[in-house]
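The values are calculated or read from the model by the stated rules, or taken from the named source; none is laboratory data. Being a predicted model, the structure only gives us computed values, none of them experimental. For neighbour counting, all protein chains shown are included, and Cβ atoms are generated from backbone atoms with ideal geometry for every residue, glycine included. Note: accessible area is taken over every heavy atom of the protein model, side chains too, but ligands, DNA and RNA are not part of it. Shrake-Rupley method; radii C 1.70, N 1.55, O 1.52, S 1.80 Å.
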Amino acid sequence: MSAVPSPRPVTAPEFRAAKARGAKLAVVTAYDYTSARLCDEAGVDCILVGDSVGMVVQGHPTSLPVTLDEMIYHTRCVMRGARRALVVADLPFMTYQVSPRQAVRNAGRLMKEAGAHAVKLEGGVRARDAIRACVDAGIPVMGHVGLTPQSVHQMGGFKVQRDTEQLLADALAVEVAGAFSVVVEGVPADLGAKVTGAVGIPTVGIGAGAGCDGQVLVFHDMMGLYPDFKPKFAKRYADLGAAIKAATEQYCREVREGAFPAAEHTFR
């Protein structure tokens, strides 16, 4: 029987400390008030406001077109729905790669203007200076190694990453730079477990096996709301897409047949 999560808000230090307790962390990627509220009430430990919003909500083939202003908007929406969960917002493509100074400035906007509790940025060794600068400025950072979607063109697509030496170097660089946790994406399960054992901060796996300290799934993938891309690692816990389509078809039919609105839906 799983432990009931504490009603107290989850902080970045508490999230990090979960590893030492052996507590598994449940993370969901969400983009709006309604989904954030539902996830928060269900007991998730962390809501990640991902730049995957570019694909799932905006309909782009990658996350690259997403802007910082769009991330601020979506993070604000999520913050209104989150009461307990730690809210981590993605720094989108080219908002931190130029310099550590740029990273601090833009991470600061996500904290100050959107209310995020922490930020996430991609890259290991190459991102360590940006991570360190943000941490030194008082901004909690979640790292992201393995398959890094912002590098999709450099990687030649969304491909499983198998370079053990590089992955370990990246994860350790993230930890040494001061990150409180690290997402590990798209790697073989044994490699995900190896990284988890090599670092002292929690690993949050997405397509990285059960050996990670926590798991993250996209809300729309979990609920069957995003049919365009079905990654192997995404378990569908509900088929809301089909239910929504069926309900909408019924609505259209009732409108055309004159069955809606009925008397109980009409003012007198």
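Odds and ends about this structure:
- Whenever a residue of the stretch 67-90 is without any contact (Cβ under 8 Å) to a residue 24 or more places away in the chain, it has no partner that is assigned to a helix (DSSP H, G or I) and open to solvent by 40 Å² or more (accessible area, probe 1.4 Å) lying with C-beta atoms less than 6 angstrom away and at least six residues away or across chains.
- Qualifying residue in the stretch 1-18 (condition: out of contact with any helix residue (DSSP H, G or I) (no Cβ under 9 Å at 6 or more places or on another chain), of a type in the set (A, V, I, L, M), part of a loop (DSSP other than H, G, I, E, B) and more than 16 Å from Arg83 (Cβ to Cβ)): yes
- Tally of residues being in a loop (DSSP other than H, G, I, E, B) and open to solvent by 50 Å² or more (accessible area, probe 1.4 Å) across the stretch 102-133: 2
- The listed residues are Ser99, Ser52, and the only one of them that is within 24 Å of Ser151 (Cβ to Cβ) and either under 12 Å from the mean Cα position of the chain (by Cα) or open to solvent by less than 10 Å² (accessible area, probe 1.4 Å) (or both) turns out to be Ser52.
- The single condition among (1) of a type in the set (Val, Ile, Thr); (2) part of a helix (DSSP H, G or I); (3) closer than 27 Å to Val44 by Cα that Val216 does not satisfy is (2).
- Of the residues contained in the stretch 134-147, one or more are found to be buried (at least 23 other Cβ atoms within 10 Å of the Cβ), more than 17 Å from Phe233 (Cα to Cα) and more than 17 Å from the chain's Cα centre (by Cα).
- Residue check for Gly157: on the phi > 0 side of the Ramachandran plot and out of contact with any strand residue (DSSP E or B) (no Cβ under 8 Å at 6 or more places or on another chain): yes
- In the stretch 7-28, the residues that are open to solvent by 40 Å² or more (accessible area, probe 1.4 Å) reach residues that are modelled with pLDDT under 95 and part of a loop (DSSP other than H, G, I, E, B) with C-beta atoms within less than 9 angstrom, at least six apart or across chains, in these pairs: Glu14/Ser6; Glu14/Arg8; Lys24/Ser2; Ala26/Pro5.
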